[in-house]
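> Pasting a structure here, questions to come.
The values are calculated or read from the model by the stated rules, or taken from the named source; none is laboratory data. For clarity, every value in this text was computed on a predicted model and none was experimentally measured. Cβ: placed from backbone, ideal geometry, glycine included. Neighbour counts: every protein chain shown.
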Amino acid sequence: MAKRANNQPKPTANAKAQAKIQKLRKRIDLIDKKILLLVRCRMNVVLMIGKVKQAHSIAWVQKNRLAEILRVRKRWGKQLSLKGEGVEKLFGVLHDESVRFQKQIPLEKVKVERNRKRALK
């Protein structure tokens, strides 16, 4: 490896590439954090929908809604040059997680009520 005037080794092409990759990965990390924040926001809305479903005895899963979500999201993905299969998998997982989240509402209500009572003591 060649030495610079200050006796430091000159970075190799591989070291430069690794540094660039690290910088880009930090950008991905920030994007992923934003994605998770948006998923949490989505789950807050899912929770509100679940409470309405629970109050009115509406089934947790509505197949028509899932079909609509997948159809529309695949179209949005296509407009962004994303493959339909990947978009479908992503929103299928989000939908499954949303249903699981909604099904926990009775347990969550109990926990909130217990915590509220503890706080009042």
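> Residues of segment 46-66 being assigned to a helix (DSSP H, G or I) and out of contact with any helix residue (DSSP H, G or I) (no Cβ under 9 Å at 6 or more places or on another chain), which ones?
Result: Met48, Val52, Ala55, Lys63, Asn64.
> Further, regarding this structure: Please give the number of the condition Arg27 fails out of (1) surrounded by 10 or more Cβ atoms within 10 Å (Cβ to Cβ); (2) modelled with pLDDT of 95 or more; (3) out of contact with any Phe, Trp or Tyr (no Cβ under 8 Å at 6 or more places or on another chain); (4) assigned to a helix (DSSP H, G or I).
Checking Arg27 against (1) surrounded by 10 or more Cβ atoms within 10 Å (Cβ to Cβ); (2) modelled with pLDDT of 95 or more; (3) out of contact with any Phe, Trp or Tyr (no Cβ under 8 Å at 6 or more places or on another chain); (4) assigned to a helix (DSSP H, G or I), the one that fails is (1).
For every residue, the table says whether it meets (1) closer than 17 Å to Val45 by Cα; (2) more than 18 Å from the chain's Cα centre (by Cα); (3) exposed (fewer than 14 other Cβ atoms within 10 Å of the Cβ); (4) modelled with pLDDT of 95 or more.
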{"residue": "Lys74", "(1), (2), (3), (4)": "no, no, no, yes"}
{"residue": "Gly77", "(1), (2), (3), (4)": "no, no, no, yes"}
{"residue": "Gly86", "(1), (2), (3), (4)": "no, no, yes, yes"}
{"residue": "Lys89", "(1), (2), (3), (4)": "no, no, yes, yes"}
{"residue": "Ser98", "(1), (2), (3), (4)": "yes, no, no, no"}
{"residue": "Gln102", "(1), (2), (3), (4)": "yes, no, no, no"}
{"residue": "Leu107", "(1), (2), (3), (4)": "no, yes, yes, no"}
{"residue": "Lys117", "(1), (2), (3), (4)": "no, yes, yes, no"}
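> Among the residues of segment 39-61 satisfying the criterion of being modelled with pLDDT under 90 and basic (Lys, Arg), which is surrounded by the most Cβ atoms within 10 Å (Cβ to Cβ)?
Lys53
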